[in-house]
Amino acid sequence: MPAIEIANVWKQYQIQTQRPHTLKEMLLQRFRSPASRPEPFWALQDVSFDIEQGETFAVIGDNGSGKSTLLKLITGITKPTRGHVGVNGRISALLELGAGFHPDFTGRENVFLNGAILGLKRREIEKYFDSIVAFSELEPFIDAPVKTYSSGMYMRLAFSIAIHIDPDILVVDEILAVGDAAFQQKCMDQIHRFKHQGKTIVFVSHSLPAVRDLCQRAAWINRGQLLALGSTEAVLDHYTQQVATSIEKNKQQVEALLPDSRGAIRNIRAFGPQGGEQSILSGGTGARFEFQVESALPPDRLDIMARLVRTDGVCCYDQRVPLAEISDRLSDGPLSLQIPELRLNAGTYYLQLSLSPAGDDAWLDEKFFNFAVESPHRGPGVAPLEASWSQRSVAHPPLPRQGTG
Amino acid sequence: MALLIKIKDKSLELIRYREMFMGLVNREIRARYKGSALGFLWSLLNPLMMMGIYSLIFSVYMRIDMPNYAVFLFCGILPWGWFSTALTNASAAIVANSSLIKKIYFPLEVLPLVNVTTNLINFLLSLPILLLSMLVTQTPITPFLLLLPVLVVIQFVLTLGFALILCTLNTFYRDVEQLLGPLIMAWFYMTPVIYPAAAVPEKLKFLLLVNPVAPLMLSYQDIIYHGRMPSLTMLAYCLVVGIVLFVVGYTLFYRKKFTFAEVV
């Protein structure tokens, strides 16, 4: 029996702004011509898949693609317009942490209240209380009202409660977008622990490395339709390729917008080791980014900064140089950032280029260029370093014999 | 048969979420007095001050010639306070908790139920003041007072029925919340709370029967102020109206509750 069955699910919404909110609007709408009635919006269209018991399953897609709607159907917050959603097992959804917290109540009181809202019994909360507080690292503050907490403390307490629910099915929505890096890592570790305990996990994230790291299978949803379903590897490859092509298409349009008269970066392109233009680069081989800089200012009064950032926000490389080191006259031709060996793990990245007045933090223009890296090195690490393992053999001196007297 | 199974499933679900229900009731009651120096004492002081004001107006300024008017007023105005505050709170229950209902699954019936229960508890907490006023004015305490739990149960069903209907309507049409204030005020003055039923003109007596809260208030006055048996026919009428409203309200609520998360 699968943990979650989604069979031919359709979900329709009325566009919010056109829905009658008041009696007057409702009455007025009665007399409108049928043509001006709001268009129904299909948030999900004929989506079907099963998630097996003990499986870790990712749902990926752009913003507004229908991922959140799907999670709301799985958790039972809304019902499908057509089709069937079946869930076998106790479900815990980390959709929003700390919903139902009362600011005037202490951390302790909120643990009990929030636990009850999430479906825990009082006995269960009492049993887990010490462990919840310990995980949140908030022992000294647990009897202070949560309105005195920083947002980080608030999230830590909320997450600690949520992971103690001991669900059969855990639904996680973009939880890694909150908290500092150390806390995010702690969350991720806990989710991995759930995975090893054989729990079913449904994971929604924009962090493709995290998805790749955690999930066995994935579904890609775009505009309410299931575009790909299968192993995480296959679905992500499909997804990154599509993202790369759509970025190519949009690039010219975007660059035509808002040219800055004082300076502009234009026409960023990426080239592989053979010199061909491409937006999926191979890890470990050469890569070159080419771009044009235009400015009324001479190069000796400008700086250029480049950053390579993984799409989950990890900055992998950054350098700022005076533009005069690269060019004498900008109109002579495009500039290049050459990387002899692109030592990055597989994933999606962007190149951030900023043009600034020399020694000044304000930028005249800033452009982003998305690209994907294909590499056998997959995982949460940033770069495959040339590391090697070994053992240092040491000649052991004979152990001193233990005397009996 | 299928319907019976459904009702059973739903009740079981509500039982599973009783901890949440109690947690929320607890939150509502304690949040009310959190941070105030007198805290819980306010639940006694508030009705006491209200009684003082009404007694002053109706015994000194606009004379209503009744012995122990304060006790008479009290035995109507306390349950009316429960009724009206519960309706005002419950009508906004879904809208006010939108962040909760959009993110977490739970049986949404819990929310209006919490409002009605919280205000019931506040009503019960103000009863000592009523008792005190009876002792001070030497109003005789009769065995009919033992009927109080019966009236409370009937009022609970009736209030919950209204609450479910208003809560559902207000989620889709926010006008309900605005309309409710003046409506409840009119309702208050149409119900014999500050005046006795005898003061209603003969021609308008039928209004006392149309309004299901009126017989209830008269019964409170019977068992507390007059110390006599309330009309069982009227109480039965209240109960029937209450059950009908509850069934209608719950059906309406249940049929619409899965769209709540989409419209708030």
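The values are calculated or read from the model by the stated rules, or taken from the named source; none is laboratory data. Not measured: the values here are computed from a predicted model. All Cβ positions, glycine included, derive from the backbone under ideal geometry; neighbour counts span all protein chains shown. Protein only, heavy atoms only, side chains kept; ligands, DNA and RNA dropped before computing areas. Shrake-Rupley method; radii C 1.70, N 1.55, O 1.52, S 1.80 Å.
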| Which residue, of B:MET66, B:MET51, is open to solvent by 20 Å² or more (accessible area, probe 1.4 Å) and not in a helix (DSSP H, G or I)? | B:MET66
| Filtered residues of the range A:151-169 (kept if part of a helix (DSSP H, G or I), over 21 Å from the mean Cα position of the chain (by Cα) and either polar (S, T, N, Q) or over 16 Å from A:PHE112 (Cα atoms) (or both)) | A:MET153
| query | Can you name the helices (runs of 4 or more DSSP H) wholly within the range B:152-264 that have at least 2 residues being of a type in the set (Gly, Ala, Ser)? | reply | B:175-190, B:213-221, B:232-263
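Matching residues to (1) within 9 Å of chain B (Cβ to nearest Cβ); (2) in contact with a helix residue (DSSP H, G or I) (Cβ under 7 Å, 6 or more places away or on another chain):
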residue	(1), (2)
A:THR78	yes, yes
A:GLY100	yes, yes
A:ALA116	yes, yes
A:GLU126	no, no
A:SER131	no, no
A:GLU137	no, yes
A:THR148	no, no
A:SER160	no, yes
| query | Restricting to the range A:78-92, what's the tally of residues that are open to solvent by 10 Å² or more (accessible area, probe 1.4 Å) and either under 30 Å from A:ILE132 (Cβ atoms) or assigned to a loop (DSSP other than H, G, I, E, B) (or both)? | reply | 8
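From A:LEU120, A:LEU138, A:LEU157, A:LEU97, grab the single residue that is in contact (Cβ under 8 Å) with a residue 40 or more places away in the chain, over 30 Å from A:GLU52 (Cα atoms) and open to solvent by less than 30 Å² (accessible area, probe 1.4 Å). Spell out how you get there, then give the answer.
Working: A:LEU120 fails: over 30 Å from A:GLU52 (Cα atoms); A:LEU138 fails: in contact (Cβ under 8 Å) with a residue 40 or more places away in the chain; A:LEU97 fails: over 30 Å from A:GLU52 (Cα atoms).
The match here is A:LEU157.
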| Which of the following residues is at the interface with chain B (Cβ under 8 Å from one of its Cβ atoms), aliphatic (A, V, I, L, M) and in contact with a helix residue (DSSP H, G or I) (Cβ under 8 Å, 6 or more places away or on another chain): A:ILE60, A:ILE91? | A:ILE91
| request: Could you tell me which of the residues A:VAL235, A:VAL243 is at pLDDT below 85 and closer than 18 Å to A:PRO209 by Cβ? | output: A:VAL243
| query | Within the bounds of the range A:139-146, is there any residue that is in contact with a Lys or Arg (Cβ under 8 Å, 6 or more places away or on another chain) and part of a loop (DSSP other than H, G, I, E, B)? | reply | yes
| Given (1) among the aliphatic types (A, V, I, L, M); (2) open to solvent by 30 Å² or more (accessible area, probe 1.4 Å); (3) at pLDDT 90 or above, number of the condition A:LEU335 does not satisfy | (2)
| request: Identify the residue in the range A:284-315 that is buried (at least 21 other Cβ atoms within 10 Å of the Cβ) and β-branched (Val, Ile, Thr) and, among all such residues, is nearest to A:LEU385 (Cα to Cα). | output: A:ILE304
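Determine if the range B:143-153 includes at least one residue that is touching an Asp or Glu at 6+ places or on another chain (Cβ under 8 Å) and either surrounded by fewer than 19 Cβ atoms within 10 Å (Cβ to Cβ) or of a type outside the set (A, V, I, L, M) (or both).
Taking the range B:143-153 first, the residues touching an Asp or Glu at 6+ places or on another chain (Cβ under 8 Å) are B:144.
Okay, now just the ones that are also either surrounded by fewer than 19 Cβ atoms within 10 Å (Cβ to Cβ) or of a type outside the set (A, V, I, L, M) (or both), so B:144.
Yes, the conditions are met somewhere in the range B:143-153.
Filtering the range B:126-137 down to residues that are touching a residue at least 60 places away in the same chain (Cβ under 8 Å) and open to solvent by 40 Å² or more (accessible area, probe 1.4 Å), which residue is nearest to B:HIS226 (Cα to Cα)? Walk me through how you get there before you give the answer.
Of the range B:126-137, the ones touching a residue at least 60 places away in the same chain (Cβ under 8 Å) are B:126, B:128-130, B:133-134, B:137.
The next check asks that each one be open to solvent by 40 Å² or more (accessible area, probe 1.4 Å); those that pass are B:128, B:137.
Details: B:PRO128: 18, B:THR137: 13 Å.
Among those residues, the one meeting the criterion is B:THR137.
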| message | Quick check on A:LEU351: is it open to solvent by less than 10 Å² (accessible area, probe 1.4 Å) and in a loop (DSSP other than H, G, I, E, B)? | response | no
| Do you know which residues across the range B:18-37 are facing another protein chain (nearest Cβ under 9 Å) and crowded, with 18+ Cβ neighbours inside 10 Å? | B:GLU19, B:MET20, B:PHE21, B:GLY23, B:LEU24, B:ASN26, B:ARG27
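Condition test on B:PRO128, is it out of contact with any Phe, Trp or Tyr (no Cβ under 7 Å at 6 or more places or on another chain) and in a helix (DSSP H, G or I)?
On the way: out of contact with any Phe, Trp or Tyr (no Cβ under 7 Å at 6 or more places or on another chain): yes; in a helix (DSSP H, G or I): yes.
Spelling it out, B:PRO128 is indeed out of contact with any Phe, Trp or Tyr (no Cβ under 7 Å at 6 or more places or on another chain) and in a helix (DSSP H, G or I).
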| request: Please verify whether the range A:93-113 includes one or more residues that are assigned to a helix (DSSP H, G or I) and closer than 22 Å to A:ARG193 by Cβ. | output: yes
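Counting just the residues of the range A:295-329 that are more than 35 Å from the chain's Cα centre (by Cα) and small (Gly, Ala, Ser), which one comes out farthest from A:SER356 (Cα to Cα)? Can you show your working first?
Initially, the range A:295-329 is screened for residues more than 35 Å from the chain's Cα centre (by Cα), giving A:295-301, A:324-329.
Next cut, small (Gly, Ala, Ser) only: A:295-296, A:324, A:327.
Numbers: A:SER295: 11, A:ALA296: 13, A:ALA324: 13, A:SER327: 15 Å.
Residue satisfying both the conditions and the ranking: A:SER327.
To keep it simple, each residue is scored yes or no on (1) polar (S, T, N, Q); (2) open to solvent by 50 Å² or more (accessible area, probe 1.4 Å); (3) in contact (Cβ under 8 Å) with a residue 12 or more places away in the chain.
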| position | (1), (2), (3) |
| --- | --- |
| B:LEU216 | no, no, yes |
| B:ILE223 | no, no, yes |
| B:PRO230 | no, no, yes |
| B:CYS238 | no, no, yes |
| B:VAL241 | no, no, yes |
| B:PHE246 | no, yes, yes |
| B:THR251 | yes, yes, no |
| B:ARG255 | no, yes, no |
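Just checking, how many residues over the range B:102-125 are more than 19 Å from the chain's Cα centre (by Cα) and touching a residue at least 60 places away in the same chain (Cβ under 8 Å)? Walk me through how you get there before you give the answer.
Start the filter on the range B:102-125 by keeping residues that are more than 19 Å from the chain's Cα centre (by Cα), which leaves B:102-108.
Checking which are touching a residue at least 60 places away in the same chain (Cβ under 8 Å) leaves us with B:102, B:106-108.
Summing the residues that are more than 19 Å from the chain's Cα centre (by Cα) and touching a residue at least 60 places away in the same chain (Cβ under 8 Å) in the range B:102-125 gives 4.
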| query | From the set of residues in the range A:262-283 that are of a type in the set (S, T, N, Q) and over 14 Å from A:GLN352 (Cα atoms), which is most open to solvent (accessible area, probe 1.4 Å)? | reply | A:GLN274
| field | Checking B:LEU100 against (1) more than 17 Å from B:MET134 (Cβ to Cβ); (2) away from chain A (no Cβ under 14 Å); (3) at pLDDT below 85; (4) open to solvent by less than 20 Å² (accessible area, probe 1.4 Å), the condition it does not meet | value | (2)
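Filter the range A:63-76 down to the residues that are among the charged types (D, E, K, R) and either in contact with a Ser or Thr (Cβ under 9 Å, 6 or more places away or on another chain) or facing chain B (nearest Cβ under 10 Å) (or both) and list them by number.
Taking the range A:63-76 and keeping what is among the charged types (D, E, K, R), we get A:67, A:72.
Passing the criteria: only A:LYS72.
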| Just wondering, is there one or more residues in the range A:193-200 that are modelled with pLDDT under 90, in contact with a strand residue (DSSP E or B) (Cβ under 8 Å, 6 or more places away or on another chain) and within 24 Å of A:GLU109 (Cβ to Cβ)? | no
